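Before any comments, here is the structure.
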Amino acid sequence: MLVPQTDRVPHTVSLELSIDMPVPAERVWEAITNWTTQGQWMLGTRVWVSAGDGRSEGSEVSAFTGVGRLGFLDTMTITRWQPPNRCEVLHTGRVVRGTGWMATAPRAASPAGPGRTGSGEGCVFVWGESLELPLGWLGRLGWVVVGPLMKAGVRASLKRFRATLQPQRD
């Protein structure tokens, strides 16, 4: 008789990217937690609130990433809600499992440079994931290809997000 191994710990990988934002944390928070607009800047993804208000612990958010019908559904439960500083989710889907977080942190005033206002009024935005790889060794092998692609996609998406928040010039 085959008995499934229940003590087996899945292999996890982590990804954390940060980006300097030209606006205060409150504005970043309002924009990032407007779930339905995430598809405007998150590459190939459509996001919606699937249960609750989407602005409290226990609410559920779903995201479909792909093209047409080819892709995967990422279901999430909000496990920590601390506006405007941190939102944590538990990925509960068949493909994506693990935890994710979005956080804002103040930044010190700095000289103007790429993506910086120089005023100290902006913040740093952090996007993080700690994901359980499916399919054992095959999932680990796949991550060698998927990992860098995911990181590049998230980085590009965060730059697009920042562009949506650029201060309006008269």
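Before moving on, here are some points about what is shown:
- Within segment 91-104, being over 10 Å from S130 (Cα atoms) and part of a strand (DSSP E or B) holds for T92, M102, A103, T104.
- Any hit, segment 37-49, residues being buried (at least 16 other Cβ atoms within 10 Å of the Cβ) and of a type in the set (F, W, Y): yes
- Output for segment 131-169, where each listed residue is open to solvent by less than 100 Å² (accessible area, probe 1.4 Å) and not in a helix (DSSP H, G or I): L131, E132, L133, P134, L165, Q166, P167
- F72 being outside any loop (DSSP other than H, G, I, E, B), within 16 Å of S157 (Cβ to Cβ) and open to solvent by 40 Å² or more (accessible area, probe 1.4 Å): no
- Top-ranked residue in segment 38-66 [being aromatic (F, W, Y) and in contact with a strand residue (DSSP E or B) (Cβ under 9 Å, 6 or more places away or on another chain); ranked as farthest from H91 (Cα to Cα)]: W48
- Residues of segment 121-170 satisfying the condition of being polar (S, T, N, Q) and more than 17 Å from the chain's Cα centre (by Cα): Q166, Q168
- Of all the numbered requirements in (1) in a strand (DSSP E or B); (2) touching a helix residue (DSSP H, G or I) at 6+ places or on another chain (Cβ under 7 Å); (3) more than 17 Å from R97 (Cβ to Cβ); (4) open to solvent by less than 70 Å² (accessible area, probe 1.4 Å), L15 misses one, and that requirement is (3).
- Filter result for L165 (over 17 Å from H91 (Cβ atoms), touching a helix residue (DSSP H, G or I) at 6+ places or on another chain (Cβ under 8 Å) and not hydroxyl-bearing (S, T, Y)): yes
- A63 falls short on exactly one of the conditions (1) free of Cβ contacts under 8 Å to residues at least 60 places away in the same chain; (2) part of a loop (DSSP other than H, G, I, E, B); (3) surrounded by 17 or more Cβ atoms within 10 Å (Cβ to Cβ), and that condition is (2).
- Among the numbered conditions (1) open to solvent by less than 20 Å² (accessible area, probe 1.4 Å); (2) within 28 Å of G122 (Cα to Cα), the only one that H91 does not meet is (2).
The values are calculated or read from the model by the stated rules, or taken from the named source; none is laboratory data. Bear in mind the structure is a predicted one, so any value in this text is a computation, not a measurement. Note: ideal-geometry Cβ built from the backbone for every residue, glycine included; neighbour counts use all protein chains shown. For the accessible areas, the whole protein counts, side chains as well, though only heavy atoms, and no ligand, DNA or RNA atoms are used. Shrake-Rupley method; radii C 1.70, N 1.55, O 1.52, S 1.80 Å.
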